[in-house]
Amino acid sequence: MAFNITGFQGQLALGGARPNLFQVTINNPVDPASTEKTSFMVQAAQIPEATLGQATVNYFGRQVKLAGNRTFPDWTVTIMNDEDFQIRDGMERWSNAINGLQSNLRSPALATTAQYKTNATVTQFSKTGAPIRTYNFVGIFPVTVASIALDWGTNDTIETFDVTFAYDYWQAGEGVVGQVTNALFG
């Protein structure tokens with residue numbers, strides 16, 4: 001195929017999706033009040049990945065590869081920290097309720113997986129502000145609330161911290177923020 005700028009422009013008719021037009025909503029079962037603030041303070045995230053495993057069978061000196069089970073690697077978001085520490089506190093309390101820092105016990109309020117697991121969404125927006133793709137994380141819970149770096153030599157930045165979540169699976173679709181319609185995967 002020869003170089004064809006007009007053909008290229010025709011294929012990129014909408015100008016390409018922008019990585020800075022997104023919103024994350026994480027429903028914290030321990031601190032529901034932080035859910036709305038989280039939507040504004042998540043600075044970085046990813047559209048999730050899914051890996052399809054493979055089983056290899058040897059036959060007459062050749063490897064035959066067969067599709068295996070799907071796995072969903074942990075998902076990490078970067079959150080800006082405000083001086084009220086509301087989101088940080090909520091994530092720490094959620095993690096602590098799952099397994100106490102001192103007690104090594106689960107909080108009775110989160111005794112079942114249905115009580116400590118929740119859902120989260122990441123929504124990609126168009127340049128006009130319309131939601132164009134939503135990913136719904138099902139069965140999400142924090143596995144790491146990372147450290148916050150402190151430094152006397154850092155003046156003009158806002159603190160951030162990462163939270164890594166495990167989850168059961170994700171669904172993708174188009175639609176309204178927080179909802180998944182036309183799900184591609186079930």
For this session: Among what's in the range 93-129 and is open to solvent by 80 Å² or more (accessible area, probe 1.4 Å) and in contact (Cβ under 8 Å) with a residue 12 or more places away in the chain, pick the residue that is nearest to A166 (Cα to Cα).
Result: R93
Problem set entry | Leading residue by the ranking (most open to solvent (accessible area, probe 1.4 Å)) among those in the range 35-56 that are of a type outside the set (D, E) and part of a helix (DSSP H, G or I) | F40
Problem set entry | Any hit, the range 58-68, residues being over 15 Å from the mean Cα position of the chain (by Cα) and closer than 26 Å to I26 by Cβ | no
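One line per residue, one yes/no per condition, for (1) under 30 Å from E159 (Cα atoms); (2) touching a Lys or Arg at 6+ places or on another chain (Cβ under 9 Å); (3) of a type in the set (K, R):
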| residue | (1), (2), (3) |
| --- | --- |
| N20 | yes, no, no |
| A33 | yes, no, no |
| K37 | yes, no, yes |
| E49 | yes, no, no |
| W75 | yes, no, no |
| M80 | yes, no, no |
| Q86 | yes, yes, no |
Exercise. Hey, I87 hits all of (1) open to solvent by 70 Å² or more (accessible area, probe 1.4 Å); (2) among the β-branched types (V, I, T); (3) in a helix (DSSP H, G or I) but one; which does it fall short on?
Worked result: (1)
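The values are calculated or read from the model by the stated rules, or taken from the named source; none is laboratory data. This structure is a prediction, so every number in the text was calculated from the model and none was measured. Reconstructed Cβ throughout: ideal geometry from the backbone, glycine too, with neighbour counts over all protein chains shown. Heads up: the accessible areas ignore ligands, DNA and RNA and are worked out on the full protein's heavy atoms, side chains in. Shrake-Rupley method; radii C 1.70, N 1.55, O 1.52, S 1.80 Å.
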